[in-house]
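To keep things clear, I will list the structure first and then write my remarks on it.
Nothing in this text is a laboratory measurement; each read-out follows from the coordinates by a stated rule. These numbers come from a predicted model, not from an experiment. Every residue, glycine as well, gets a Cβ built from its backbone with ideal geometry; the counts of neighbours run over all protein chains shown.
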Amino acid sequence: MNDADWLAALDHELALRGMTGSDRAEAVLEAEAHLADSEPGAVARELFGPPDRYADDLAQASGAPGRRRPPDGTTGAWLLQADRVTRSYRGRPALSPTSLTVAPGQVVALVGPNGAGKSTLLRLLAGLEPPDGGTVSRRAATGWVPQSGGLDPFLRPVEHVELFGVARGLSRADARRQGERLARHLGWELTGAPVVGRLSGGTAQKLRMVLALVGTPRLILADEPYQGLDTDSTRRFWELLWSVCEDGAGAVVSSHDPEVLRRADTVLELQPAVEPAGAQGVGR
Amino acid sequence: MNADAGRPTPPAPPADLSREWIRGVLEPCLLALVATGDSYGYELASRLAAAGLGPVPGGSLYPALTRLEKQGLVSSRWRAGDGGPGRRYYRLTAAGQRQLATDIERWDSFAATVAGLLRQGATA
């Protein structure tokens, strides 16, 4: 990341933390002035650290609203509850009994090796398929970011946004406005984009993210949502997700990104499901 | 204002000087530096280094200056630079002056307490 990128990232991060107008512009200018004064070869990232952490410190120091509130686990309010859900495919267990609760503002990161059932659990949580055992309860409208699919190749992105937005109670105009704003956060212009069939894989993934967030559902489920995306777009998606969770949404995401794991409130590690001993005839 | 200009080399910071200690004293030190005249971030960092506190990264410096300004202990204004983006100069306020006087007293008493305690351990 060169210094110009670092400064642009700082500006973006400060905006996400509610730092506005001249405060934000001055913070960025001051860092720029410091760099101009520094020895040749000085690098913004070394002098100031990663832009998101520096923005955290500055926003806190200036009394800006800040990004993360601790999730509200005290009131017993929850958005999603799964109780000992299991799933097998063709007799092979795909998910060991798993329970979790998501409170407003809480981000749960799912980790585990391939085959541990991360995608299976997310599909159960999203209600896309029923569990074999256990129960899933949701109290909130749900935004879902799949790894693939979910789009109509013959519709334009803006039409997708209208469909999803209207389904979540927005007017078409509001849906379009929100979609444009979300897309811009991801570094993409929604208006004028061609039908989905002609989008690149990365752009289609940005559309899935926009669709998950339009209409501000209170629960976001995302299955390794960064597939096919460049690192900058991935970072922008996470910033959007953190900011909606700051506003009280809850989220369950599968990810191995260390930064995501560091910032998640809860990390849930799934182990590959094992067949019951009796199934293989080796039980006592 | 720049009393360090003629000095040959700044004293090296003690190798084991804890970053936590520096963080704890950074704000009072900044007040003291600004008390000798208006100054901007990069210059303050250079003067801290010259005084022996080692390099203070911008990532610690500017949040500290922002806190001081938020508390009304310093004020700031921009002065145009030659070609560059200009510099933000910090100035001690009357409240800052009172805070500095309090800090000096509190520090002296605190440092004496800690020194006494540490020596007690050494002679035990």
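How high is the FRET efficiency between B:Thr113 and B:Arg91 when r is their beta carbon distance and R₀ equals 25 Å, given to the nearest 0.05? Each step should come with its number before you reach the end.
Numbers: r = 33 Å, r/R0 = 1.30.
So the FRET efficiency works out to roughly 0.15.
Counting each DSSP H run of 4 or more residues in chain A as -39500 (n - 2.57), what helix-only mean residue ellipticity at 222 nm follows after dividing by all residues, to the nearest 500 deg cm²/dmol? Could the numbers behind the result be given before it?
Details: 10 runs with 117 residues, N = 284.
Rounded to the nearest 500, it is -12500 deg cm²/dmol.
For region B:19-123, I need the span (max minus min coordinate) of the C-alpha atoms along each principal axis, in Å, sorted largest to smallest.
59, 28, 20
Assuming R0 = 35 Å, what is the FRET efficiency of A:Ser99 and B:Ala32, from their Cβ-Cβ distance, to the nearest 0.05? If you can, show how the numbers build up before the last one.
Values: r = 56 Å, r/R0 = 1.60.
Taking R0 as 35 Å, the efficiency between A:Ser99 and B:Ala32 is 0.05.
Using 0.36 nm per residue, how much length does the chain from A:Phe154 to A:Thr266 gain when fully extended, once their Cα-Cα distance is taken away? Write out the running numbers ahead of the final one.
Values: separation 112, 0.36 × 112 = 40.32 nm, distance 3.91 nm.
Roughly 36.4 nm would be gained on extension.
Between B:Thr93 and residues 5 or more places away or on another chain, which pairs have amide H atoms under 5 Å apart, with H built 1.01 Å from N, and which residues are they?
Result for B:Thr93 returns B:Val74, B:Ser75.
Explain nothing, just the number: relative contact order of chain A, from Cα pairs under 8 Å at least 6 residues apart, as a whole percent.
Values: 484 pairs, mean separation 65.2, N = 284.
Computed over chain A, the figure is 23 percent.
From the phi of every residue in region A:46-59, what ³J(HN,Hα) in whole Hz does the Karplus formula 6.51 cos²θ - 1.76 cosθ + 1.60 yield, where θ is phi - 60° and glycine or proline is x?
7, 6, 10, x, x, x, 5, 6, 4, 5, 4, 5, 5, 5
Amide H neighbours of B:Tyr40 under 5 Å, counting only residues 5+ apart in sequence or on other chains, H built in-plane at 1.01 Å?
B:Tyr90
Percentage of Cα-Cα pair distances in region A:3-62 greater than 16 Å, rounded to whole percent?
Details: 599 of 1770 pairs.
For region A:3-62, the share of Cα pairs beyond 16 Å comes to 34 percent.
Rank B:Gly116, A:Ala222, A:Thr120 by how far each Cα sits towards the positive end of the charge dipole of the protein assembly as shown (+1 on Lys, Arg Cβ; -1 on Asp, Glu Cβ) and give me just the farthest.
A:Thr120
For region B:83-124 and region A:167-216, what is the separation of their C-alpha centers, rounded to whole Å?
Going from one Cα centre to the other spans 53 Å.
Non-local amide H neighbours of A:Leu95 (under 5 Å, H modeled in plane, Pro and chain starts lacking H): which ones?
Distant-sequence amide H within range of A:Leu95: A:Arg87.
So what are the three principal axis dimensions of the protein assembly as shown from its Cα atoms, in whole Å, longest to shortest?
Result, largest extent first: 80, 65, 40 Å.
Taking +1 at the Cβ of each Lys and Arg and -1 at the Cβ of each Asp and Glu, which of B:Leu44, A:Gly143, A:Leu58 sits farthest along the dipole of the protein assembly as shown towards its positive end, judged by Cα position relative to the Cα centre?
The residue sitting most towards the positive pole is A:Gly143.
Suppose R0 equals 35 Å; then what is the FRET efficiency for A:Gln81 and B:Lys70 from their Cβ-Cβ distance, rounded to the nearest 0.05?
On the way: r = 41 Å, r/R0 = 1.18.
The pair A:Gln81/B:Lys70 has a calculated efficiency of 0.25.
Between A:Ala167 and A:Gln60, what is the spin-label point distance in nm, taking each point 7 Å from the Cα along the Cα→C-beta axis?
4.0
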